[in-house]
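Contents: one structure, followed by commentary.
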C-alpha cells in the first residue's frame, strides 16, 4: 500500500508541474547553484510535510481502531459511494462527449 501510494505521487505530473512552477520563485536570481537551491527547497518542503502526513496517518490508525466494530458497514458504504461517484463521472463524460462545441 505504501509503495502504491508513493508510485502514484511520484508519477503524478501535477506534482512535478507544481514544483517547477512554484519553487523557482523562491530562488534568488544571483544564486550560485540554482539546481542545489531547487533541491534544497524541495527537501525542506518534504521534511515539513512529513510531520503533517505522519499526523494524518496516526489519526487514521487511531480512527480505524476505534471504528473496527463498524468496519463492515463502512466498507459497504464505501463501495456504494465509489459506485455513485463512478456513475456521476461516466454521466459527465457522456454529457461532454455528446455536447456541441461552442461557436466563436
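The values are calculated or read from the model by the stated rules, or taken from the named source; none is laboratory data. The model shown is predicted, which means the values in this text are computed figures rather than measured ones. Glycine also receives a Cβ, built like all others from the backbone with ideal geometry; neighbour counts cover every protein chain displayed.
Condition check ((1) outside any helix (DSSP H, G or I); (2) closer than 19 Å to residue 5 by Cβ) across all residues:
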| site | (1), (2) |
| --- | --- |
| 23 | no, no |
| 31 | yes, no |
| 52 | no, yes |
| 64 | no, yes |
| 69 | no, no |
Query raised in the report: Taking only pairs six or more apart or across chains, which ones have beta-carbon atoms under 6 Å, a first residue in region 62-82 that is modelled with pLDDT under 75, and a second residue that is part of a helix (DSSP H, G or I) and surrounded by 10 or more Cβ atoms within 10 Å (Cβ to Cβ)?
Result: none
Requested in this report: Filter region 29-47 down to residues that are over 16 Å from the mean Cα position of the chain (by Cα) and surrounded by 10 or more Cβ atoms within 10 Å (Cβ to Cβ), then give me how many there are.
Outcome: 12
